[in-house]
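The values are calculated or read from the model by the stated rules, or taken from the named source; none is laboratory data. Given the structure is predicted, the values throughout are model-derived calculations rather than measurements. A quick note on method: Cβ atoms are made from the backbone with ideal geometry, for glycine too, and the neighbour counts reach across all protein chains shown.
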Amino acid sequence: MPYQVIRMMKRLRFQFGRGDGLKFLSHLDMMRLWPRIFRRAGIDLAYSEGFNGHPRLAVAAPLAVGWTGEAELMDVWLDTSLPAESILTCISRKLPEDLSIGQGMFVPEEAPSLQSQIRFAEYRILSVIDRSAGEVGQAVDCLLGLSTLDWSYQRDEETKRYDLRAQIETISVENVDGDNVSLLMRLKNDPSGSGRPEQVCLALGFRGHPLKIHRTRLVLA
């Protein structure tokens, strides 16, 4: 009697980084890029069921266009028996410039989604300094001393209104170098909402958009 070989689907979670050369790719473009990388590496992705099945992969929190990151998180469902280390080694050889892979491991299939586990995101922000370092520090202390901060910004044709202070965990001045200042921020990032670094910079009195927004860490529950 013929028998069928059943292949076990595995859920691989790994870190990756996106540099300046890819920072203007949209989230949709990135999600199209990853399946091509896996195919080139010879690693079989698992697909969703249905007539138009698509590769099963999910990122913890999409990077906005123009941002870079060094510790992004992704879950990928694979149709393979290879160990995690071998898979990551194969993938790393097929990455384009400015895309990197860090540590990874298999997680249980029934584990909660990455999106549901995120609580905070940490950033390094580079902005043009338009006042003394002491005044920047005072602005940080003043903002952190508030209990609430009613805030609004325009997105497309919709005005978003919310409490910006509730989305800020910490802010600190990392360095002042000539005309630029580097800020470190830990902002809320969970299913109820996420803090936007550029809006925090506006609340601190900086004019214009930051020169660079780099996400350094995602904090899970």
List pairs: first in the stretch 195-216 and surrounded by fewer than 17 Cβ atoms within 10 Å (Cβ to Cβ), second among the acidic types (Asp, Glu) and part of a loop (DSSP other than H, G, I, E, B), Cβ under 9 Å, 6+ apart or cross-chain? Gly205/Asp130; Arg207/Asp130
Identify all residues within the stretch 152-194 that are surrounded by fewer than 17 Cβ atoms within 10 Å (Cβ to Cβ), hydrophobic (A, V, I, L, M, F, W, C) and under 18 Å from the mean Cα position of the chain (by Cα); write none if there are none. Leu184
Considering Glu174, Glu169, which residue is among the acidic types (Asp, Glu) and within 30 Å of Pro112 (Cα to Cα)? Glu169
Qualifying residues in the stretch 1-31 (those that are among the charged types (D, E, K, R) and assigned to a loop (DSSP other than H, G, I, E, B)) - the one modelled with the lowest pLDDT: Arg7
For the stretch 180-221, which positions are in contact with a Ser or Thr (Cβ under 9 Å, 6 or more places away or on another chain), closer than 24 Å to Val59 by Cβ and at pLDDT below 95? Asp190, Pro191, His209, Ala221
